[in-house]
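So the structure is just underneath, and the comments pick up after that.
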Amino acid sequence: ETTGKVITCKAAVTWTIDAPMSIEDVEVDPPKAGEVRIKIISSGICGSDNHVLEGDFKVPLPVILGHEGAGIVESIGEGVSSVKPGDKVLTVFLPQCRKCDSCLHAKGNCCLKEDVRHPVGLMLDGTSRFTCRGRKLHNAFGTSTFTEYTVMHEISVVKLDEAAPLEKVCLLACGFTTGYGSAINKARVTPGSTCVVFGLGGVGSSVVLGCKAAGAARIIGIDINEEKLARAKALGVTDCLNPRNFKKPIQQVVVEMTGFGADFSFEAIGTIDTMVAALESCNSSYGVCVIIGVAPEKSQLAFNPMQLLSGRTLKGCFLGDFKTRDHVPLLVDDYMKNKINLDPLITHRLPFLKVNEGFDLLRSGKSVRCVLSF
Ligand code: CND
Ligand code: ZN
Ligand code: ZN
């Protein structure tokens, strides 16, 4: 019985971004009011965690990274009513408090309780639940899944169907939901349309699945990694483009291929150049471009505003524009009814203690998603 007690367990601690994560014994405090302590069972490795390790996305250190997790509630703090010990849950980085301006608006999904764009790495009361070697550790995006136990706010915990397989649905905590929702909710891809997807990692591949589900007739996939292009064909990509095989800018290639530009374009890489290329790949009068990738801190997106005056729409979203606690369980239902197949996205599995190898697989481009098991 661990309820109310500090739990000592293994976690991957990022002390500095210049070194691999180090596996340490950490102490995890019991959950306070409105908080939930979760035993992590599975976690994916997302490109955003890698941006932190590469110095492009600054978060306070030392930190326990990881946000694409699935686990089981170990104990709950005072006042928690939406989950109970034993429940299967997902750890999402975007809360849904159901009270703020964004949550109360029909279209808002970016809850104001936490500013995910500028993470402070602490609980809402300004303190931490993790200690290692006498030092307090930060959390990552209110989640932290590279640890056997984590503590999260109830408002960021998504309750799951008790039959949901955690070693698969962990992808619904970020990558799949982000990509699929960007196509379905944010772009609102229409049947018969032409779509172009920049970046075919876990997020971009999920955009492809969303475009396909929405009935897109043509899906152009763009990546500099040939293996990613080959894999994406099985997901529904109809045309593969490697920008390295062309002398002219890739947006020009896309516009020529499609006549006048794609109906919908998506950026799932996280660089300014590819964001501009995605914008310029969509039709100048009615095209819609959705930015999903997280660009390096302090970078600025610059383009001639004429690109918009002709009629294009530029938008972006977190987590596929879903209201997390309301809508992610519906995606889980779809998964349970075999309407969603996550298997093609999961290319590798590793024990949690090999988390650094998982990042090597992501960086070398070998993995789409590597799922860690605890
Ligand atoms: P991952 O690294 O798996 O995929 C990126 C893909 O881009 C790889 O296949 C690369 O080969 C490819 N690539 C890199 N550079 C280029 C280039 N210049 N031209 C073409 N292809 C290139 O990352 P991921 O799929 O996990 O994440 C993708 C982005 O999405 C990343 O920026 C991440 O931070 C972001 C994201 C956003 C959100 C959100 O809510 N908006 C949530 N999670 C992740
Ligand atoms: Zn992510
Ligand atoms: Zn809110």
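The values are calculated or read from the model by the stated rules, or taken from the named source; none is laboratory data. Every value quoted in this text rests on a predicted model; they were computed, and no experiment measured them. Positions of Cβ are generated from backbone atoms using ideal geometry, with glycine treated the same way; all protein chains shown enter the neighbour counts.
Scanning region 242-268 for residues that are more than 9 Å from ligand 1 (Cβ to nearest atom) and either touching a Pro at 6+ places or on another chain (Cβ under 7 Å) or not in a helix (DSSP H, G or I) (or both) yields a total of 12. If you check residue 270 against the conditions, is it small (Gly, Ala, Ser), surrounded by 15 or more Cβ atoms within 10 Å (Cβ to Cβ) and touching a residue at least 40 places away in the same chain (Cβ under 8 Å)? Spelling it out, residue 270 is indeed small (Gly, Ala, Ser), surrounded by 15 or more Cβ atoms within 10 Å (Cβ to Cβ) and touching a residue at least 40 places away in the same chain (Cβ under 8 Å). Residues that are among the small types (Gly, Ala, Ser), out of contact with any Lys or Arg (no Cβ under 9 Å at 6 or more places or on another chain) and more than 20 Å from residue 178 (Cβ to Cβ) within region 235-276 comprise just one, 259.
For residue 126, the conditions (1) more than 16 Å from ligand 2 (Cβ to nearest atom); (2) in contact with a helix residue (DSSP H, G or I) (Cβ under 9 Å, 6 or more places away or on another chain) are fulfilled apart from (2). Within region 25-49, track down each residue that is more than 21 Å from residue 119 (Cβ to Cβ) and surrounded by fewer than 23 Cβ atoms within 10 Å (Cβ to Cβ). Selection gives 25, 27, 30, 33, 39, 41. When we screen 2, 14, 91 for residues that are outside the structural domain of residue 157 (by TED's automatic domain parsing) and of a type in the set (S, T, N, Q), the only hit is 2. If the condition is being surrounded by fewer than 20 Cβ atoms within 10 Å (Cβ to Cβ) and of a type in the set (A, V, I, L, M), then region 228-240 contributes 229, 230, 234.
Selection of region 285-331 for residues being among the β-branched types (Val, Ile, Thr), under 19 Å from residue 115 (Cβ atoms) and touching a residue at least 60 places away in the same chain (Cβ under 8 Å) yields 292, 294, 324. Would you please name the residue that is farthest from ligand 1 (Cβ to nearest atom), looking only at residues in region 29-84 that are among the polar types (S, T, N, Q) and touching a Leu at 6+ places or on another chain (Cβ under 7 Å)? By that ranking, first place goes to 42.
Can residue 225 be described as crowded, with 18+ Cβ neighbours inside 10 Å, in contact (Cβ under 8 Å) with a residue 12 or more places away in the chain and in contact with a Gly (Cβ under 7 Å, 6 or more places away or on another chain)? The answer is no for residue 225.
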